[in-house]
Amino acid sequence: MIHARIAAGPATPAADSTPNSHPDPICALTPSSSNCVNDIVRRRPRSASSNLPRPSFSVGAIYRRYNRIILERRLTADKFRYSAVVPHPLRFTDDDPYLNRLRGIALSFPDAAERVSHGRPIFFTQRTFALFGAMVKGDHQSDVWSQSVVIQPDPEERDVLLSDERFFSPAYYGPHGWIGLNFRAAEPDWDEVTELVDMSYRNTALKRQVRLLDNGAGPLRSEG
């Protein structure tokens, strides 16, 4: 037995089955060869960031998006620069008797103001409630509705009003529920015009402004 043990030589210690153990603990602590270093690198766990999916965009896509944004900003700037140099032509005369009569009605509503937009007078608070003049769809040079008032009626009143030949659906505003009253179609009833503007004002003004209107602030009915 003793001779057999000597012939067989000393027993080889069993490898440690503990995870992350190194067969040579000294080499694991102070690696002195490339094999030890490689062994340690292979055993190092992967970082959490390495498990993330790769991005679906490229550097080229980022540059293309950047260039598109710059181009859009330049086009927008050119648009405003062009509109400042070439404004819309005026489509009214300030001494128009219909405009002066409408102006007197519209500006008597609480907080109402006037400005010119796209060549036409508009009356507004926070939102537009009346316009003087309208365009014909497909014929922007026509002046058939140049002396008219455009308002936003109650939805249930729109079809009833359009059944009257004096009323029409203006370009741009018509699809949004607005209608126009042509002052040339018949002699205007200014009380009716005031009621139409009143209805449009209530549909566009703030609740505070409507309360002011209900409390007496607003236009007086004309005599005729």
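The values are calculated or read from the model by the stated rules, or taken from the named source; none is laboratory data. Quick caveat: nothing in here was measured; it's all calculated off a predicted structure. Neighbour counts run over all protein chains shown; Cβ positions are idealised from the backbone, glycine included.
Figures for the structure shown
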{"quantity": "Residues of region 121-136 classified as in contact with a Phe, Trp or Tyr (Cβ under 8 Å, 6 or more places away or on another chain) and either of a type outside the set (A, V, I, L, M, F, W, C) or without any contact (Cβ under 8 Å) to a residue 12 or more places away in the chain (or both), total", "calculated": "4"}
{"quantity": "Filter result (at pLDDT 95 or above and in a loop (DSSP other than H, G, I, E, B)) within region 166-176", "calculated": "Arg166"}
{"quantity": "Selection from region 94-115 of residues that are farther than 14 Å from Arg202 by Cβ and in a helix (DSSP H, G or I)", "calculated": "Pro97, Tyr98, Leu99, Asn100, Arg101, Leu102, Arg103, Gly104, Ile105"}
{"quantity": "Residue in region 179-200 that is in a helix (DSSP H, G or I) and in contact with a helix residue (DSSP H, G or I) (Cβ under 6 Å, 6 or more places away or on another chain) present", "calculated": "yes"}
{"quantity": "From the options Ala134, Ala217, Ala185, residue that is in contact with a Pro (Cβ under 6 Å, 6 or more places away or on another chain) and over 16 Å from Ile105 (Cβ atoms)", "calculated": "Ala134"}
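Conditions tested, residue by residue: (1) surrounded by 10 or more Cβ atoms within 10 Å (Cβ to Cβ); (2) more than 24 Å from the chain's Cα centre (by Cα); (3) among the charged types (D, E, K, R); (4) at pLDDT below 95.
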site: Arg65; (1), (2), (3), (4): yes, no, yes, yes
site: Arg74; (1), (2), (3), (4): yes, no, yes, yes
site: Asp78; (1), (2), (3), (4): yes, no, yes, yes
site: Arg91; (1), (2), (3), (4): yes, yes, yes, yes
site: Asp95; (1), (2), (3), (4): no, yes, yes, yes
site: Leu102; (1), (2), (3), (4): yes, yes, no, no
site: Phe129; (1), (2), (3), (4): yes, no, no, no
site: Ser142; (1), (2), (3), (4): yes, yes, no, yes
